[in-house]
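Participant: Next up is a structure, given as structure tokens.
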Amino acid sequence: MPTEMLHAQDDGGAGAAMEDFWNLHWKSQKSGGVFIWAMVDEAVVRTDLNNVLDANGLNANDGILGPHREKEGSFYALREIFSPIQVKLPAQLPADFDGSIAVDNRYHFTNTNQCTFYWALVDFSKPFDRFDGYVVKQKGTVEAPNIAPTQQGTMQFQLPADYKNYDALVIVAKDPLGKELYKWTGEIKSKQGQLQNFVTTKDNETTIKETDTVYTITGGEVSVLLDRKTGNLVTTRNTANDYILSFNNGPVLVKGTASVVSSKSYKEGNDAVVEFTYSGDLKMVKWKINSSGWTTMEYEYSVSGDLPFAGISFNYPENYVLGARWLGKGPSRQWKNRMTGTPVNVWQNVYNNTHTGYSPAVYPEFKGYYGDVTWMELSTVEGKLYIASPDNGLFVRLFDFYALSAAAKPHPEIPLGNISFLDCIPPIGTKLATGLTTNTRVYGPMSELNHVSGSKKRTLHFYFGLPKTTDTKENYSRPAIDNVF
């Protein structure tokens, strides 16, 4: 029964690597559990310094909760990991889903038939709705399976015939006293299906202009300038709002090399296309703009090795950003070894520069890695920037941040640029010791670096401004999405 387990200082403690540790303990006959150091950041009110909370530097910021019980990312991770009922709901329901879900009963004295289970079919809030979360469309109860303590089994239930018309399935488990244990979410529609009424197309003409240095492609009210020498985005302009977005200098590989060897422009139907080929690890980038103004970027790269991250980055001034709203994992940021506690939903966060464990702190932190993103809206002083992807497994990284305390910033290593689109993200260590922050593999399989090989293709959609679609009418009424069971 180890104590001071996965020390919870900074953002690397307690929840990071705990899934591996806890499964190891659960399967061991010699495990009596663990003690995490600690539950709460300790601090004293300094009445001699305008009542600031003084944690004596790093010496007492050791909790999964802040001094006022603010919930850090590890709190949510541990809540899922330690749930005595584990429902193995797939992140994406298979096409032939038959209502059978594996269940792990981690109670020692309680049969699952003493608990209660519920299902709900939900639709996520849309990009232009003014509320977050999801709306429950249909719901019901599940017959509690008969699974003895510490055993595994299955839960079987019947969904309505039209269940594929909804965005996601939510399963809730409650203990014998009626207290919610956890809530699991599995997406039903593909990401392409969820973007159907958001990333729209029109059949009008687009234009291509070329000079010795740049390509300019224009569709509707949006123009995109691309550097012929580097293949990078130079700038964008939206004539409807008469503004230029400072989103530029990409795509660049976060790991690997790339040099443009050729480029060409052409029409694909009515869409304007510019395509770059590269030497090095980046193979190709294809930019295409539709007359609706939506700009699509397809790219392919190939890197190999044990890497903290892989993907591409762009630049955008951090001080221009006001907030973000997205459909993906949240509300807290993720690490490779701390993915639990972050269900897929529509989340919203106002910009903050919180350093986990330090007061003043606003949780959840704004900056970091966010997984399984379908779409994201960035609100800036220049206007809106929309990002979407029809592909699974997209991580979006927002800006540089401290995750662990160290003299160097950022710490640990962060991808270059300001906003990244990644296919894998790094694990995180704990505390200050160099060996613990850099050699995270000692914490288990999830804490190893990413073993990357082969090529990766991905598609991103951008809109630089406010899209004009059938869904842009703002919905100010908030449906009753809480306490739905």
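Participant: Just to be sure before I move on: is residue 247 over 30 Å from residue 89 (Cβ atoms) and of a type in the set (Phe, Trp, Tyr) in the structure I sent? Reasoning before the result, please.
Facilitator: Values: over 30 Å from residue 89 (Cβ atoms): yes; of a type in the set (Phe, Trp, Tyr): yes.
Answer is yes for this residue.
Participant: Which residue pairs have Cβ atoms closer than 9 Å, lie 6 or more positions apart in sequence or on different chains, and pair a first residue in the range 219-246 that is within 16 Å of residue 461 (Cα to Cα) and touching a residue at least 40 places away in the same chain (Cβ under 8 Å) with a second residue that is among the aromatic types (Phe, Trp, Tyr) and part of a loop (DSSP other than H, G, I, E, B)?
Facilitator: 219/294; 220/294; 222/294; 233/247; 236/247; 245/316
Participant: Across the range 177-191, what is the total count of residues that are surrounded by fewer than 15 Cβ atoms within 10 Å (Cβ to Cβ) and either part of a strand (DSSP E or B) or under 19 Å from the mean Cα position of the chain (by Cα) (or both)?
Facilitator: To start, the set of residues in the range 177-191 that are surrounded by fewer than 15 Cβ atoms within 10 Å (Cβ to Cβ) comprises 177-180.
With the extra rule that they be either part of a strand (DSSP E or B) or under 19 Å from the mean Cα position of the chain (by Cα) (or both), the set shrinks to 180.
The qualifying residues number 1.
Participant: Which residue pairs have Cβ atoms closer than 8 Å, lie 6 or more positions apart in sequence or on different chains, and pair a first residue in the range 192-203 that is acidic (Asp, Glu) with a second residue that is surrounded by 14 or more Cβ atoms within 10 Å (Cβ to Cβ)?
Facilitator: Here the result reads 203/270; 203/291, each pair linking the range 192-203 to a residue that is surrounded by 14 or more Cβ atoms within 10 Å (Cβ to Cβ).
Participant: What residue, of 168, 173, is in contact with a Gly (Cβ under 7 Å, 6 or more places away or on another chain), within 30 Å of residue 118 (Cα to Cα) and assigned by TED's automatic domain parsing to the domain that holds residue 146?
Facilitator: Details: 173 fails: in contact with a Gly (Cβ under 7 Å, 6 or more places away or on another chain).
None of the others qualify; the one that does is 168.
Participant: Limited to the range 88-120, what total is found for residues that are crowded, with 16+ Cβ neighbours inside 10 Å and of a type in the set (Lys, Arg)?
Facilitator: Residues that pass the stated criteria total 1.
Participant: Considering only the range 279-316, state which residues are over 14 Å from residue 250 (Cβ atoms) and assigned to a loop (DSSP other than H, G, I, E, B).
Facilitator: Residues satisfying the conditions are 281, 290, 291, 292, 293, 294, 303, 304, 308, 309.
Participant: Now for a separate question. Is it the case that residue 4 is farther than 18 Å from residue 429 by Cα, at pLDDT below 90 and surrounded by fewer than 20 Cβ atoms within 10 Å (Cβ to Cβ)?
Facilitator: Numbers: farther than 18 Å from residue 429 by Cα: no; at pLDDT below 90: yes; surrounded by fewer than 20 Cβ atoms within 10 Å (Cβ to Cβ): yes.
The answer is no for residue 4.
Participant: Any residue that is hydroxyl-bearing (Ser, Thr, Tyr) and in contact with a helix residue (DSSP H, G or I) (Cβ under 9 Å, 6 or more places away or on another chain) - is there at least one of those in the range 236-248? I'd like the intermediate steps shown before the answer.
Facilitator: Just the residues of the range 236-248 that are hydroxyl-bearing (Ser, Thr, Tyr), to begin with: 236, 239, 243, 246.
Subset that is in contact with a helix residue (DSSP H, G or I) (Cβ under 9 Å, 6 or more places away or on another chain): 246.
Yes.
Residue-wise test of (1) among the basic types (Lys, Arg); (2) exposed (fewer than 13 other Cβ atoms within 10 Å of the Cβ); (3) out of contact with any Asp or Glu (no Cβ under 7 Å at 6 or more places or on another chain).
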{"site": "36", "(1), (2), (3)": "no, no, yes"}
{"site": "45", "(1), (2), (3)": "no, yes, yes"}
{"site": "65", "(1), (2), (3)": "no, no, no"}
{"site": "74", "(1), (2), (3)": "no, no, yes"}
{"site": "82", "(1), (2), (3)": "no, no, yes"}
{"site": "86", "(1), (2), (3)": "no, no, no"}
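Participant: Can you tell me which residue is nearest to residue 23 (Cα to Cα) among those in the range 438-470 that are under 19 Å from the mean Cα position of the chain (by Cα) and part of a helix (DSSP H, G or I)?
Facilitator: Residue satisfying both the conditions and the ranking: 446.
Participant: Starting from residues that are crowded, with 23+ Cβ neighbours inside 10 Å and among the polar types (S, T, N, Q), keep the ones in the range 287-332 and report whichever is nearest to the chain's Cα centre (by Cα).
Facilitator: 332
Participant: I'd like the full set of residues that are within 27 Å of residue 468 (Cβ to Cβ), in contact with a Ser or Thr (Cβ under 9 Å, 6 or more places away or on another chain) and in a loop (DSSP other than H, G, I, E, B), limited to the range 252-278.
Facilitator: Correct list: 270 only.
Participant: On to the next question. Does residue 255 qualify as being within 26 Å of the chain's Cα centre (by Cα) and either assigned by TED's automatic domain parsing to the domain that holds residue 418 or not small (Gly, Ala, Ser) (or both)? I'd like the intermediate steps shown before the answer.
Facilitator: Numbers: within 26 Å of the chain's Cα centre (by Cα): yes; either assigned by TED's automatic domain parsing to the domain that holds residue 418 or not small (Gly, Ala, Ser) (or both): yes.
Yes; evaluated as a whole, the condition is true for this residue.
The values are calculated or read from the model by the stated rules, or taken from the named source; none is laboratory data. All figures in this text were calculated on a predicted structure; none of them were measured in a lab. All Cβ positions, even for glycine, are placed from backbone atoms using ideal geometry, and neighbour counts span all protein chains on display.
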